[in-house]
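Participant: The structure's right below; bear with me while I get my questions together.
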Amino acid sequence: MSLLDLIDLGAPARCAGCRRPGSPLCRVCRARLGRAHVPAVPGVDHLVVGWPYEGGARSLVLDLKLKGERGAATPLAAALAREVAGSGLMAEAVTWVPGRPDENRRRGLDHAGVLAAEVGRGLGLPVRPLLRRTGERPDQASLGAAERWANLQGAFWAEDCPERVALVDDLVTTGATASACAQALRAAGALRVEVLAACSA
Ligand SMILES: [Zn+2]
């Protein structure tokens, strides 16, 4: 029996992949997931990815982000805890990529913050809101790869950061967002930035 079978025993859960009851991501849907791609990201010392962004793992991210289903954060955090156990982590605190304020208001949650709370609890690390967005920018999803990096120059700001910090996000694609956040965390005192991404695409 794995960590994912053990969580959520109190509440009936449905698999995000096949909707069968029993577990938030069943054994069959988990077995269908391939290996996660781990890109090199400028400014990031160590990147840990839970799952590839496909199948049931993708559904969990979308349930959390678009439907505001907080329960979806639990299996995503468990997948990250499993990968951290294999690769190690030096962080003394956990923070997250803050969502766009208008989206947070509309969805009723800051989804990466919900994920970070679960991750911090699982790893026994304090969770601190270190990052702020500096202003309105176009949504990353609407831009091409090269534009994404330019769009995020100076897009985040942080203060009073611990020397070793883990940055949580739901999804890493080009790594532009994680890199911009890492830059802000370093400007605020971080010497080592580790990124914990639930999925990579
Ligand atoms: Zn399933």
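Okay, residues lined up against (1) outside any helix (DSSP H, G or I); (2) in contact (Cβ under 8 Å) with a residue 24 or more places away in the chain; (3) farther than 16 Å from residue 127 by Cα:
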residue: 161; (1), (2), (3): yes, yes, no
residue: 169; (1), (2), (3): yes, yes, no
residue: 174; (1), (2), (3): yes, yes, yes
residue: 180; (1), (2), (3): no, yes, yes
residue: 189; (1), (2), (3): yes, yes, yes
residue: 197; (1), (2), (3): yes, yes, no
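Participant: In segment 9-40, which residues are more than 14 Å from the ligand (Cβ to nearest atom) and either charged (D, E, K, R) or at pLDDT 95 or above (or both)?
Facilitator: 35
Participant: Follow-up question, since we're still on this one. Does residue 125 satisfy being assigned to a helix (DSSP H, G or I), in contact with a strand residue (DSSP E or B) (Cβ under 8 Å, 6 or more places away or on another chain) and either under 17 Å from residue 48 (Cα atoms) or of a type in the set (D, E, K, R) (or both)?
Facilitator: So residue 125 does not fit the description; no.
Participant: OK, next. Going residue by residue through segment 133-147, is there one that turns out to be closer than 23 Å to residue 90 by Cα and part of a strand (DSSP E or B)?
Facilitator: No, segment 133-147 contains no residue that is closer than 23 Å to residue 90 by Cα and part of a strand (DSSP E or B).
Participant: Next question. For residue 60, indicate whether it is closer than 20 Å to residue 110 by Cα and within 16 Å of the ligand (Cβ to nearest atom).
Facilitator: Values: closer than 20 Å to residue 110 by Cα: yes; within 16 Å of the ligand (Cβ to nearest atom): yes.
For residue 60, the condition - closer than 20 Å to residue 110 by Cα and within 16 Å of the ligand (Cβ to nearest atom) - is met.
Participant: Looking at segment 75-101, I want the residues that are farther than 17 Å from residue 44 by Cβ and have a partner that is part of a helix (DSSP H, G or I) and among the charged types (D, E, K, R) with Cβ atoms under 7 Å, at least 6 apart or on another chain. Which pairs are those?
Facilitator: Cβ pairs passing all conditions: 77/118.
Participant: Mind listing whichever residues of segment 41-55 are hydrophobic (A, V, I, L, M, F, W, C) and within 16 Å of the ligand (Cβ to nearest atom)?
Facilitator: Answer for segment 41-55, where residues must be hydrophobic (A, V, I, L, M, F, W, C) and within 16 Å of the ligand (Cβ to nearest atom): just 51.
The values are calculated or read from the model by the stated rules, or taken from the named source; none is laboratory data. Remember, it's a predicted structure, so these values are computed and weren't measured experimentally. We place every Cβ from the backbone using ideal geometry, glycine too, and count neighbours over all the protein chains shown.
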